[in-house]
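Below is one structure, written out as structure tokens; comments come after it.
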Number of protein chains: 2
Amino acid sequence: MSQAVNKQIRLASRPTGWVAANNFSVTEEAIPKPADGQVLVRNIFMSVDPYMRGRMNDVKSYIPPFQVGAVLQAGVVSQVVESKYDGLKEGDLVTGMLGWENYSVTDGRLVRQVRSGPAPLSYHLGILGMPGMTAYVGLTKIAEAKKGDNVFVTAASGAVGSVVGQLARIHGCRVAGSAGSDEKVSLLKSDFGYNAGFNYKTSKSLTESVQEACPKGVDVLFENVGGDIFEAALWNMRDYGRVALCGMISNYNMEDPQPGPRGMMLIIGRRLTIRGFIVSDHPKWCDEYVRKAIGWLKEGRLTYRETIAEGIENAPQAFIDMLKGKNTGKQIVQLADID
Amino acid sequence: MSQAVNKQIRLASRPTGWVAANNFSVTEEAIPKPADGQVLVRNIFMSVDPYMRGRMNDVKSYIPPFQVGAVLQAGVVSQVVESKYDGLKEGDLVTGMLGWENYSVTDGRLVRQVRSGPAPLSYHLGILGMPGMTAYVGLTKIAEAKKGDNVFVTAASGAVGSVVGQLARIHGCRVAGSAGSDEKVSLLKSDFGYNAGFNYKTSKSLTESVQEACPKGVDVLFENVGGDIFEAALWNMRDYGRVALCGMISNYNMEDPQPGPRGMMLIIGRRLTIRGFIVSDHPKWCDEYVRKAIGWLKEGRLTYRETIAEGIENAPQAFIDMLKGKNTGKQIVQLADID
């Protein structure tokens with residue numbers, strides 16, 4: 001699937017409501033040249049994710065919006081074609097945030113090398129990539145989850161939450177979570193290792209729902225959402241509980257900072273620790289995770305599903321299908337084969 | 001000053017506005033007898049503190065209100081007269097939360113033994129007692145303040161805050177704080193080791209006031225207040241900052257839990273750690289502090305002032321005078337001499 005030109009997908013117009021094919025344009029350019037410190041890579045796998053829909057709006061958020069006319073961005077796994085960066089050579093495999101395109105030029109420091117091994121290379125965009133590392137670092141290092149802990153996870157069926165559930169079970173915890181549909185709640189238990197879960201959209205009292213899902217209370221809260229569900233989980237924390245603050249998606253699209261949870265007094269009375277983190281601060285723990293996760297995948301203790309579309313031209317449709325829920329597991333687009 | 005009977009001060013009626021002498025009654029009882037596991041103590045020093053005024057109201061708070069007709073409670077330093085508790089013997093010196101009275105009977109587990117030494121015994125109600133221990137544990141253990149850190153303290157002139165400032169300087173930190181009057185702000189710098197401070201009641205923007213007081217930002221926040229000043233301090237936190245959550249006095253008299261600070265997203269982006277604590281969980285660190293603090297007092301690196309009134313009958317007036325600010329430093333009432 002190598003190309004003599006660089007096919008690229010650009011944002012043609014901002015969607016209103018559902019994204020449609022005409023919000024994208026396909027353009028062709030000459031394959032670019034790397035300058036000093038840069039590498040030229042051929043992109044092999046790219047990830048399409050729900051958060052990208054948000055970036056198509058012209059709204060201030062935790063990452064800047066996509067620009068109309070510009071090449072869209074995505075997480076990719078790529079192979080180095082030409083290197084003017086000391087740390088990488090031709091043939092090396094890397095992962096990073098590059099473009100919806102066949103070839104990218106990037107500062108060598110902005111990609112991370114990965115090795116082909118027993119797990120499919122595309123896994124580095126999901127369970128062996130940022131989402132998996134975030135789950136591991138947050139659960140086991142930031143919140144220090146240990147055997148017997150009661151863990152609660154918000155956005156539990158998401159890219160991160162779906163790994164947190166499985167890792168919690170591997171580490172001997174009991175784990176419950178919240179998700180936004182009955183289908184996702186079923187997945188929590190059938191696929192992601194959860195002991196219990198509930199649909200926060202149909203809950204009459206979030207505090208009571210957390211309590212039912214975690215009858216002994218919560219030792220470790222893995223927080224991806226913020227807002228009301230964070231408050232509800234806080235009220236269920238046990239003494240000496242730990243909160244890994246990973247995301248606040250409920251706040252991302254708010255113009256002004258929202259008030260924090262009611263009941264900050266609980267943090268004192270129950271001796272809680274709340275800790276924010278960014279996974280890229282912890283490269284050693286990320287490496288530690290990838291080694292362990294490859295083993296858990298082999299043993300079948302960690303499971304992962306993906307749907308793979310083929311060819312850059314089909315990336316917009318794969319994205320649209322994913323937003324409509326047609327995929328099972330992580331949606332990937334394969335752009336080329338490894339040399 | 002030993003007594004043959006047990007003189008006690010009771011709450012005669014709930015004050016409205018300023019406390020007056022007629023809100024108290026003096027009664028006499030026979031000296032009580034200890035049951036198994038209890039000790040009878042003669043109270044030597046008692047502490048009168050601002051928080052007691054709050055307990056005179058019939059308002060739900062973090063500690064229950066005083067009951068009309070009941071003996072008032074206070075922190076005391078006492079000497080064991082008769083022991084039916086294995087861990088203590090006649091003559092031992094103890095500290096705990098007992099009554100405004102000459103003699104008390106208490107479960108032996110509810111008091112902590114202290115030793116007479118180079119520092120006055122009454123210091124165990126202040127700088128060598130809970131307030132000093134809280135300052136030390138919160139600053140050096142919970143928030144892990146280290147040399148070069150920028151520390152910010154709310155309620156900086158209070159029993160705890162006045163020690164935090166001095167300990168921060170001893171540990172090589174730069175320290176600033178907020179207090180509720182210009183007089184208190186002067187004390188921060190003249191007496192309590194602070195580099196900078198401001199009056200939060202006259203600040204036009206708390207966020208800007210914290211910024212002026214801590215131009216490099218805040219590595220360690222020692223939080224006694226909560227509410228708006230907590231929010232203002234959070235917005236000034238530096239990456240990897242730590243918050244020791246010690247108190248939330250701004251919330252104590254609220255009927256309903258108040259929303260937390262705006263900007264919880266900062267906790268992630270700046271990788272903050274917020275940790276609640278209760279000093280009595282950490283007896284080893286408390287002992288470590290008392291040993292160190294006695295040394296610092298000897299060397300003059302830690303200073304402490306107190307005003308001592310004499311006799312249980314004068315406790316109500318000492319309390320009233322303290323509330324009106326007639327004392328310098330900690331207000332103590334001496335009830336007896338050590339045997």
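A few notes on this one:
- Flag if A:V225 is part of a loop (DSSP other than H, G, I, E, B) and within 14 Å of chain B (Cβ to nearest Cβ): yes
- Residue in the stretch A:113-136 that is of a type in the set (F, W, Y) and touching a strand residue (DSSP E or B) at 6+ places or on another chain (Cβ under 7 Å) present: no
- The residue that is surrounded by the fewest Cβ atoms within 10 Å (Cβ to Cβ), among those in the stretch B:77-102 that are in contact (Cβ under 8 Å) with a residue 60 or more places away in the chain and under 17 Å from B:V48 (Cα atoms), is B:G99.
- Test: A:G193 is under 25 Å from A:M133 (Cβ atoms), surrounded by fewer than 24 Cβ atoms within 10 Å (Cβ to Cβ) and of a type in the set (G, A, S): yes
- Scanning the stretch A:141-174 for residues that are part of a helix (DSSP H, G or I), touching a helix residue (DSSP H, G or I) at 6+ places or on another chain (Cβ under 7 Å) and not basic (K, R) returns A:V163, A:V164, A:G165, A:L167, A:A168, A:I170.
- Residue check for B:I312: aliphatic (A, V, I, L, M) and at pLDDT 95 or above: yes
- Just one of the listed residues (A:G172, A:G193, A:G227) is under 20 Å from A:R275 (Cβ atoms) and of a type in the set (G, A, S), namely A:G227.
- Exactly one residue out of A:E231, A:E310 is more than 28 Å from B:A143 (Cβ to Cβ), acidic (D, E), more than 8 Å from every other protein chain (Cβ to nearest Cβ) and under 24 Å from the mean Cα position of the chain (by Cα), and it is A:E310.
- Residues of the stretch A:75-130 that turn out to be part of a helix (DSSP H, G or I), over 25 Å from A:L297 (Cβ atoms) and within 22 Å of the chain's Cα centre (by Cα), as a count: 2
- The requirement of being within 24 Å of A:G276 (Cα to Cα) and surrounded by fewer than 19 Cβ atoms within 10 Å (Cβ to Cβ) is satisfied by A:K146.
- When residues of the stretch B:64-74 are limited to those that are in contact (Cβ under 8 Å) with a residue 12 or more places away in the chain and not in a strand (DSSP E or B), the one surrounded by the most Cβ atoms within 10 Å (Cβ to Cβ): B:L72
- Test: residue in the stretch B:165-186 that is crowded, with 20+ Cβ neighbours inside 10 Å, of a type in the set (V, I, T) and not assigned by TED's automatic domain parsing to the domain that holds B:K324: yes
- Among the strands (runs of 3 or more DSSP E) confined to the stretch A:1-56, the ones with at least 3 residues that are under 27 Å from A:P120 (Cβ atoms) are located at A:6-11, A:38-47.
Here's the yes/no breakdown for (1) at pLDDT below 85; (2) hydrophobic (A, V, I, L, M, F, W, C); (3) more than 28 Å from B:G138 (Cα to Cα):
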site	(1), (2), (3)
A:L245	no, yes, no
A:N251	yes, no, yes
A:M254	yes, yes, yes
A:G263	yes, no, no
A:R271	no, no, no
A:F277	no, yes, no
A:S280	no, no, yes
A:D287	no, no, yes
A:R301	no, no, yes
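- So B:I278, is it surrounded by fewer than 16 Cβ atoms within 10 Å (Cβ to Cβ), of a type in the set (A, V, I, L, M, F, W, C) and over 26 Å from B:G325 (Cβ atoms): yes
The values are calculated or read from the model by the stated rules, or taken from the named source; none is laboratory data. Just so you know, these numbers come straight off a predicted model, no measurement behind them. Don't worry about glycine lacking a Cβ; one is built from the backbone with ideal geometry, like all the others, and counts go over all protein chains shown.
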